Amino acid sequence: MAAKSHIEWTDMTWNPVTGCTKVSQGCKFCYAERMAKRLQAMGVERYRNGFQVALHEDLLDAPLKWVKPRMIFVNSMSDLFHEDVPDHFIRAVFRTIELCPQHTFQILTKRSSRLAEMADRLPWPKNVWIGVSVENTDVTFRIKDLQRVPARVRFLSCEPLLGPLDDLPLDGIHWVIVGGESGPGARPMRKQWVMSILQQCEKRDIPFFFKQWGGVRKNRTGRLLNNTTYDGFPPEHSLLVSHAV
């Protein structure tokens, strides 16, 4: 279960785990849940139980078959650190990552406490980028958990951005993504919220990526901020691109 991705900050997705449960306001209109229900209705076998957590052991070695260097988003349809994913399965995902140094693997979680608790028991090869979702001030504690993780690249995904984040603790953070919510029921994002995060990143020289304004039809609102496309990436991204050429 791998596919070329339409997500602006990655090349493709790899989903050895599918399914999840809601933990915070950012989950309210989960795109992955909508997609899983659609695939279930289409009769796709891996989604026969809809959005219930499922492990796909036959996909664990899929990246070993991909020769060309790629940016790979791990579990776009789940959360690797979900409580229903066993420790041994998480370690197996990391073993595959270790065996594929030509790729960069981006892991994003809302379960930051489990991430921090497991960090000392996982390998951290330089091709792992680990991030947490931070949609409002209620969940900024996730950043402190992330800062305890010895990954080469630690990043924040402020998407869907649901409120102001004016004083982010950015020590040890290497990349910040910001985006508005999209799809049915999308909650609006204010420009001043985005500008505040941009200014914080510029002050600390942290790469900033503006993904989208969002809305019910995100293709109409686009991703320009101040008539500019912000496509910031950590310096490690340049190395990946040069190796792919």
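Here, each number is a calculation from the coordinates, and none is a lab measurement. Since the structure is predicted, the reported quantities are computational estimates derived from the model, not experimental observations. Don't worry about glycine lacking a Cβ; one is built from the backbone with ideal geometry, like all the others, and counts go over all protein chains shown.
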I need 56, 6 ordered by Cβ neighbour count within 10 Å, fewest first. 6, 56
Amide hydrogen neighbours beyond the local backbone of residue 215, cut-off 5 Å, H modeled: 181, 182, 183
Please work out the Cα center distance from the stretch 125-180 to the stretch 42-109, rounded to the nearest Å. 21 Å
Cα gyration tensor of the chain - equivalent ellipsoid semi-axes, whole Å, descending: 26, 22, 18
Ordered by fewest other Cβ atoms within 10 Å, a rough proxy for footprinting exposure, 139, 44, 132 read 44, 139, 132
Along the stretch 101-116, Karplus-curve 3J(HN,Hα) (6.51, -1.76, 1.60; θ = phi - 60°) to the nearest Hz, with x for Gly and Pro, reads x, 6, 9, 10, 10, 9, 10, 10, 9, 9, 8, 5, 5, 6, 4, 5
Taking only the alpha-carbon atoms of the stretch 110-174, what semi-axes of the equivalent ellipsoid follow from 5 times the gyration tensor eigenvalues under a square root, in whole Å, largest first? 21, 12, 10
Whole-percent pair-distance distribution, where bins are 10 Å wide, for the alpha carbons of the stretch 48-146: 14, 47, 32, 7, 0
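Determine, for 228, 137, 109, 10, the number of other Cβ atoms within 10 Å of each Cβ, and report the residues in order from fewest to most. Don't skip to the answer; put the middle values down first.
Working: 228 10, 137 14, 109 24, 10 21.
Going from sparsest to densest Cβ surroundings: 228, 137, 10, 109.
Restricting to the chain, what percent of DSSP beta bridges are antiparallel, rounded to 5? Before the final figure, lay out the partial values.
Values: 8 of 35 bridges.
Bridges in the chain that DSSP calls antiparallel: roughly 25 percent.
Among DSSP bridges having both ends in the stretch 101-219, what percentage is antiparallel? Round to the nearest 5.
Values: 0 of 19 bridges.
Of all bridge pairs located within the stretch 101-219, approximately 0 percent are antiparallel.
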Once you have the alpha carbon radius of gyration of the stretch 129-210, what is it after dividing by 2.2 N^0.38 Å, with N set to its residue count? 1.03
A correct Karplus calculation of ³J(HN,Hα) over the stretch 120-129, with 6.51 cos²θ - 1.76 cosθ + 1.60, θ = phi - 60°, whole Hz and x for Gly and Pro, returns 6, 10, 10, x, 10, x, 5, 8, 9, 10
For the stretch 145-152, just list the computed ³J(HN,Hα) in residue order, Karplus coefficients 6.51, -1.76 and 1.60, θ = phi - 60°, integers in Hz, with x standing in for Gly and Pro. 5, 4, 5, 7, 8, x, 7, 5
Any of 37/191; 68/110; 4/218 with alpha carbons more than 23 Å apart? Name them for me. 37/191; 68/110
log10 of Debye I(q)/I(0), alpha-carbon scatterers only, for the stretch 60-206 at 0.15 Å⁻¹: -0.80
Hull surface over four for the Cα convex hull of the stretch 2-101, reported in nm², is 6.8 nm²
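Averaging over every viewing direction, what projected area does the convex hull of the Cα atoms of the stretch 160-245 cover, in nm²? Intermediate values should be presented prior to the final figure.
Numbers: hull surface 26.7 nm².
About 6.7 nm², averaged over all directions.
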Can you give the longest run of the chain that contains no GluC sites (Glu not before Pro) sitting in a DSSP loop with at most 14 other Cβ atoms inside 10 Å? 84-245
